Amino acid sequence: MAVQINPSILSADFARLADEAKAVEGADWLHVDVMDNHFVPNLTLGVPVVESLARATDTPLDCHLMIEAPDRWAPQYVEAGASSVTFHVEAAAAPVRLAREIRAKGARASMALKPATPIEPYEDLLPELDMVLIMTVEPGFGGQAFLDIMLPKIRRTRELITKRGLELWLQVDGGVSASTIERCADAGADVLVAGSAVYGASDPAEAVRALRTQAEAATAKASWACDHGTKGT
């Protein structure tokens, strides 16, 4: 599949979210970080803001729920207008049931893993998902440095996806920038979340285009993309 770039509004101006959404026209998704100050030590936004943002932009919303009890709350984000909802497997009581409920309500279902959470115990869950998110920083705050030690985990996740023959997106989130995005793409990521690298730029839309160009070039040379039949496309 094609590379996708998802600007994270965690790095945007929360007082101007509608304008900030328009500033990245051309992005594939808007990545919306929802934090509850329990699962992670930060508090951001909730369902009402997602509802408002969904009305303000045509770019689909990719909601990343860093919250406790996602089994209870995740379906409400679909109803609020999210086109993709990501729950943390560490917080979900019944991840398969939750993924199926998200899908049944019409959104893509995604499972996120913290840096210390291995992917291998969840291999059997992969067919129930549309995307897997590998966190490349500890969740909770934007602007953190990319954790290079996550690259092998990205590779192992891509290998599991390929082994299973799944059309599953592989997203990375945390410290993605011009200096790290090529390593992420080479390792197997095809959906890349970038916060400060986009919203910290003088022209956010141009930053999205530049990151996409870098990721596409790295993907075209990556061994996993060749195996997946996408090399050179």
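Odds and ends about this structure:
- Tabulated pairs, the range 53-69, first hydroxyl-bearing (Ser, Thr, Tyr), second surrounded by fewer than 17 Cβ atoms within 10 Å (Cβ to Cβ) and at pLDDT below 95, C-beta under 8 angstrom, 6+ apart or interchain: Thr59/Glu25
- Exclusive hit being out of contact with any Lys or Arg (no Cβ under 6 Å at 6 or more places or on another chain) and at pLDDT below 95, set Ala116, Ala112, Ala145: Ala145
- Residue within the range 118-136 that is outside any strand (DSSP E or B), of a type in the set (Phe, Trp, Tyr) and more than 15 Å from the chain's Cα centre (by Cα) present: yes
- Any hit, the range 85-108, residues being surrounded by fewer than 23 Cβ atoms within 10 Å (Cβ to Cβ), under 14 Å from the mean Cα position of the chain (by Cα) and assigned to a strand (DSSP E or B): yes
- Of the residues in the range 20-31, at least one is buried (at least 19 other Cβ atoms within 10 Å of the Cβ), more than 18 Å from the chain's Cα centre (by Cα) and not charged (D, E, K, R).
- Qualifying residue in the range 200-208 (condition: modelled with pLDDT under 95, outside any helix (DSSP H, G or I) and not hydroxyl-bearing (Ser, Thr, Tyr)): no
- Pairing residues of the range 122-138 that are more than 18 Å from Ile181 (Cα to Cα) with residues that are of a type in the set (D, E, K, R) and surrounded by fewer than 24 Cβ atoms within 10 Å (Cβ to Cβ), at Cβ distances under 6 Å and at least 6 apart in sequence or on separate chains, gives Leu126/Arg164; Asp130/Arg108.
- Residue count for the range 33-79, restricted to those that are assigned to a helix (DSSP H, G or I), hydroxyl-bearing (Ser, Thr, Tyr) and surrounded by 17 or more Cβ atoms within 10 Å (Cβ to Cβ): 1
- Filtering the range 121-139 to residues that are modelled with pLDDT under 95 and surrounded by fewer than 16 Cβ atoms within 10 Å (Cβ to Cβ) leaves only Glu138.
- Of all residues in the range 189-226 being in contact with a helix residue (DSSP H, G or I) (Cβ under 6 Å, 6 or more places away or on another chain) and over 23 Å from Cys63 (Cβ atoms), the one that is surrounded by the most Cβ atoms within 10 Å (Cβ to Cβ): Thr219
The values are calculated or read from the model by the stated rules, or taken from the named source; none is laboratory data. Computed from a predicted structure; not experimentally measured. Ideal geometry is used to build each Cβ from the backbone, glycine not excepted, and the neighbour counts take in all protein chains shown.
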